[in-house]
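Report on one structure; see the data block that follows.
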Amino acid sequence: MPQSAEKTKDHVSLFQEPEYVGMFAAKKAAFECRPSDEAVAAQAEYTKTWEYREKNFARTKAVINPAKACQPLGAVFAAAGFEGTMPYVHGSQGCVAYFRSHLARHFKEAVPCVSDSMTEDAAVFGGLNNLVEGLQNTYTLYKPKMIAVSTTCMAEVIGDDLSAFIATSKEKESVPADFPVSFAHTPSFVGSHTTGYDNMVKGVLSYFWDREKGELKPGASNGKINIIPGFDGYAVANNRELKRYMDEMGVDYTLLGDVSDVYDTPSDGTYRMYDGGTPLEAVRDAINARATIGLQQYCSDKTLEYVAAKGQPTASFHYPMGVGATDALLMKISELSGKPIPDSIEKERGRLIDAMADSQAWLHGKKVAVFGDPDFVYAMAAFLLEMGCEPTHCLATNGGKDWAEQMEALFATSPFGAGCKAWPAKDLWHLRSLLFTEPTDLLIGSSYGKYLEKDTGIPLIRLTFPIFDRHHHHRFPTMGYQGALRVLVEILDRVFESTDAASDISFDLTR
Amino acid sequence: MSLDYTNDTASAEALIRDVLDQYPEKAAKKRARHLSVAKPAEEEGATSCGVKSNIKSIPGVMTIRGCAYAGSKGVVWGPVKDMVHISHGPVGCGQYSWSQRRNYFNGTVGIDSFVTMQVTSDFQERDIVFGGDKNLDVMIDELDEMFPLNKGISIQSECPIGLIGDDIEAVAKKKHKETGKTIVPVRCEGFRGVSQSLGHHIANDAIRDWVFEKGTPEFETGPYDVNLIADYNIGGDAWPSRKLLEEMGLRVIGMWSGDATLAEMARAPKARLNLIHCYRSMNYICRHMEEKYGIGWVEYNFFGPTQIAASLRKIAAQFDETIQANAEKVIARYQPLVDAVTARYKPRLTDKTVMLYVGGLRPRHVTNAYEDLGMKIVGTGYEFGHNDDYQRTGHYVKEGTLIYDDVTGYELEAFIEKIRPDLVGSGIKEKYATQKMGVPFRQMHSWDYSGPYHGYDGFAIFARDMDMAINSPVWSKFKAPWKAA
């Protein structure tokens, strides 16, 4: 008998016991009607070939293992970054169960979000009644300071009009007339979660800046810089790092959406459904800022366009990770604020460069495949070039032609970029073919990459959302010089581990 | 022997009143029908858990339920390992459900098995406007080219499919003709019904309509042939179950749908008996097989030694004396393991209280497993149960147990806060809020990445895990020492 009370075997070892191995074999032989082992082996080999790769890239409709999610996920994440805000999704309820689970699995945190549970009757008659009743219930039960409404594809297909519905709800006194209900239409058949993030931030701003009749003083600067962080699985730590830099520089700022508290609440006996977030008063006042910057272009295109139309200077970045990317962000903030970059930060930079110089020989010429959201992939590739690595395959399922052009321009800036290629709108099954036909030394992406690591043997470094199978990585920053140092160490660790495993002879104590 | 105890009816009723007071009037009226306290029933040894169930969630309250797509793709079809399952519609549904139910299987991913893959038609705006049928047609050819060893393809509809009037059945028929393979269209759009539950039903119907009698593999029947129905092999659950059945001399000719192949589904009507674990999600197909093929079905429960022994005897009673004698041998064989597990953990867990809020069968099925360890159930409820589930629950829970159907996040948190049980068993969405209150928690959908929990082998793991959760040193660290009074 394989099991015992003293040495309890769970799934990790139990199913390797002879009783189970034998049972599996008998099941397969007698009942499963499987293809022969030879056929399976032959097909597995075939998928590694150039011929298969060509067929794979000839796909036009089937999407296999994409690395992107849908709009409302980004909208829920964005909404959570505002003080006392309850994300509210108008449409089918299953979507909300998925968003909450998805974010909870990554952040290891509770993810409050409500649905108005539209079903068949709403599909026929529209979801107005659901919204009227739903807003009232949310307002009464959860006592939020703002409700931020996004939509599922069901509500979008039937054409529900949030603006009109919310107005009607207020007329029917679901919520007080002056209670903030911001909204964004977030059809999941357009763009991805990064688009949804952008739409929701814009929706929140336009509620306070256009709809609410508050005291706005456009033109009279409050001296602050608005920062839109973008959809970021590391937001908890990265936002804090960013705030540290701003404080260090003496820059007055407003993060437009900050989940660093609500997605990282303490365990002390009290569950905080709301915690931190951008104060609504600060959002109101953000129209009077000196400038607005987006840390991730593809998460803030529309919002920045909207902000620019209000007369503010804007700038956007591609996820400030790595040396040059952090330099550029700090210099821009310095330029906009008129505050110099202090020596303390310059020293941090110097320490990062010191570490890179110490380790450069171990990274020089390493080929790396990268996948993730467009801004992350851009930043990662740029940092790899700075370290003398070759970001050989750069893939973003939610990247478009513009992004690919930006990537090609980036490759052209460095000799290490020669032979590197950007793959917009491709999925991880495409990447599998790339890795088999043109292998790399490392793979950087999310937990989804673990299947590629298993099939190809190329070590995976988890550096972007979602990370489900490793704990707490997101609690440490990747942005800024400190973040870059941490990214450097993670990459080096995998290189050293691979080197140690590769040869008994070269099993060196000192490297 | 199950434990003999009752819970405090009056305080449970007061709790219900307290939470209902927080709702607007209309919502309070609706929610009141879903909350109750188990009362003594006329039937001996059972309580009455009378709540309304399987009706629409009220809007805006953080229901924990999912949708029909989750019930079909996520539960019933997704685990069938040698088929490719298309999440047909926008990218999200397939993405969020990708590899999340831990339906274990043996096979080579992307070659002859496809369980841990996310295959989607990734609808764009033009698909909504012009329809997705043509692209689906092309997509099926592409999948056949990418995965030539697949045995079939299922089309799992997401919300837009039913709204834009696509005819996926026509596409399925056409592609079946062209490829000769099983192509199964499933109308499990997320807006249908009120929860995952209708998705189970629709998925069951799709098996009936698109798999049965569409070519059954060559097969010689035997007197002890059974199907193991509605075990999704989460963390490998179905395997210790299968082992027990084989040890008592039965031949499991089909496992549904954990670690299943299409052949095992197609062959099922040739069995002598269906053994069903999750009644909620697959009773439909069992009833169909009973009506159409005269195959009886038996509900069983492989959580904890009390229920396992009772179930083994109940199953054996359907067969001859040889099998019955074997069942006794199996029970006796595992008794030392059961004794060792209870000796080790019961002293650490006795009188600990448990609140459950889970899906299909577990709100009742796991209660005796806890009681086998000396623990007491003080509250339980179903995400998507029906009336017949609550009737069955009466045989499991004690008087005074708090019963909550389609509980809202607000209610569950309030109940936990007031009752402060020693353990909560629920899902990922509930886990972190509960733990932050300082209340130990185990995910009882995914087994919190552990398992299997079924069978005797699983009981040892179950006991270990519950002990681990409750007796972790971390719970004593919540208050900073300078704050401790």
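For this structure, a couple of remarks:
- Remark: relative contact order (chain B) = 20 percent; criterion is Cα-Cα distance under 8 angstrom and separation of 6 or more residues.
- With respect to chain B, whose longest principal axis is taken over its alpha-carbon atoms, helix B:168-179 is tilted by about 60°.
- Overall dimensions of the range A:446-511 as given by Cα atoms, namely Rg and Dmax in Å: 13.8, 38
- Overall, the protein assembly as shown carries a charge dipole of about 920 debye about its Cα centre when +1 sits on the Cβ of Lys and Arg and -1 on the Cβ of Asp and Glu, all other atoms neutral.
- Kirkwood Rh, Cα atoms: Rg over Rh of the range B:345-485: 0.96
- Between amide H atoms placed 1.01 Å from N, distances below 5 Å from residue B:444 occur with B:426, B:427, all of them 5 or more places distant or on a separate chain.
- Close amide H partners of residue A:82, meaning residues 5 or more places away or on another chain with modelled amide H under 5 Å apart, are A:258, A:278.
- Accessible area per residue (1.4 Å probe, heavy atoms of protein chains only) ranks A:285, B:21 as B:21, A:285, with the largest value leading.
- Order of exposure, largest accessible area first, which applies to B:127, A:37 with probe 1.4 Å: A:37, B:127
- For residue B:152, the residues whose modelled amide H falls within less than 5 Å of its own, excluding neighbours fewer than 5 places apart on the same chain, are B:84.
- A convex hull fitted around the alpha carbon atoms of the range A:377-441 yields 73 Å³ per residue.
- Phi-based couplings in Hz for the range B:325-331 (Karplus 6.51, -1.76, 1.60; Gly and Pro marked x): 5, 4, 4, 4, 4, 5, 4
- Short-range pairs are left out: with C-alpha atoms under 8 Å and at least six residues apart, the relative contact order of the range A:144-206 is 45 percent.
- Distance histogram in 5 Å bins (all Cα pairs of the range B:169-305, percent per bin): 2, 10, 18, 23, 19, 15, 8, 4, 1, 0, 0
- Selection from B:115, B:92, B:19, by position along the positive dipole direction of the range B:1-153 (Cβ): B:19
- Residue A:198 contributes about 10 Å² of solvent-accessible surface, heavy atoms of the protein only, 1.4 Å probe.
- Pairs of Cα atoms nearer than 8 Å and 6+ residues apart set the relative contact order; for chain A it is 16 percent.
- Across the alpha-carbon set of chain A, the Rg to Rh ratio works out to 1.00, Rh being the Kirkwood radius.
- Angle between chain A longest axis and helix A:93-107 axis [Cα atoms, degrees, rounded to 10]: 60
- Rounded to the nearest 10 Å², the accessible area of residue B:241 at probe 1.4 Å: 0
- When both bridge partners sit in chain B, DSSP labels roughly 15% of those beta bridges antiparallel.
- DSSP bridge analysis restricted to the protein assembly as shown gives an antiparallel fraction near 10%, rounded to the nearest 5.
- Taken one residue at a time, the phi angles of the range A:354-367 give Karplus couplings (6.51, -1.76, 1.60, θ = phi - 60°) of 4, 5, 5, 5, 4, 10, 4, 5, 7, 10, 3, x, 5, 8 Hz. Gly and Pro are set to x.
- The phi torsions of the range A:273-286, fed into the Karplus equation with coefficients 6.51, -1.76 and 1.60 and a -60° offset, translate into couplings of 6, 10, 7, x, x, 5, x, 4, 4, 5, 5, 4, 6, 5 Hz, rounded to whole numbers, with Gly and Pro shown as x.
- Sites residue B:25 and residue A:281, calculated FRET efficiency, Cβ-Cβ separation with R0 35 Å, nearest 0.05: 0.60
- For the protein assembly as shown, pairs of C-alpha atoms spaced more than 49 angstrom apart make up 23 percent of the total.
- Rounded Å value of the spacing that divides the Cα centres of the range B:232-257 and the range B:105-125: 24
- Here is how the number arises for chain B: DSSP H runs of 4 or more residues each give -39500 (n - 2.57), the sum is divided by the residue count, and the result at 222 nm is -12500 deg cm²/dmol.
- Residue-averaged 222 nm ellipticity for chain A, from DSSP H runs of 4+ at -39500 (n - 2.57), nearest 500: -14000 deg cm²/dmol
- Net dipole in debye of chain B [+1 Lys, Arg Cβ; -1 Asp, Glu Cβ; about Cα centre; nearest 20]: 1060
- Heavy atoms of residue A:353: accessible area, 1.4 Å probe, square angstrom to 10: 60
- For the pair A and B, the buried accessible area comes to roughly 9400 Å² in total, with a 1.4 Å probe and the value rounded to the nearest 100.
- Solvent exposure of the protein assembly as shown, expressed per residue, is 34 Å² of accessible area, with all protein chains present and a 1.4 angstrom probe.
- In the range B:424-485, the trypsin sites (Lys or Arg not before Pro) that fall in loop regions by DSSP, at most 11 other Cβ within 10 Å: B:483
- Cα centroid separation - the range A:355-403 against the range B:339-395, whole Å: 51
- 5 Å binning of all Cα-Cα separations within the range B:48-88, expressed as whole percents from 0 upward: 5, 16, 20, 16, 14, 13, 9, 5, 2
- Chain B: angle of helix B:455-470 to the longest principal axis, Cα-based, in degrees nearest 10: 50
The values are calculated or read from the model by the stated rules, or taken from the named source; none is laboratory data. Fair warning: this is a prediction, and the values are worked out from it, not measured in the lab. In this analysis, Cβ positions are derived from the backbone assuming ideal geometry, glycine residues included, and neighbour counts consider all displayed protein chains. Just the protein is used for accessible areas: all its heavy atoms, side chains included, with ligands, DNA and RNA removed. Shrake-Rupley method; radii C 1.70, N 1.55, O 1.52, S 1.80 Å.
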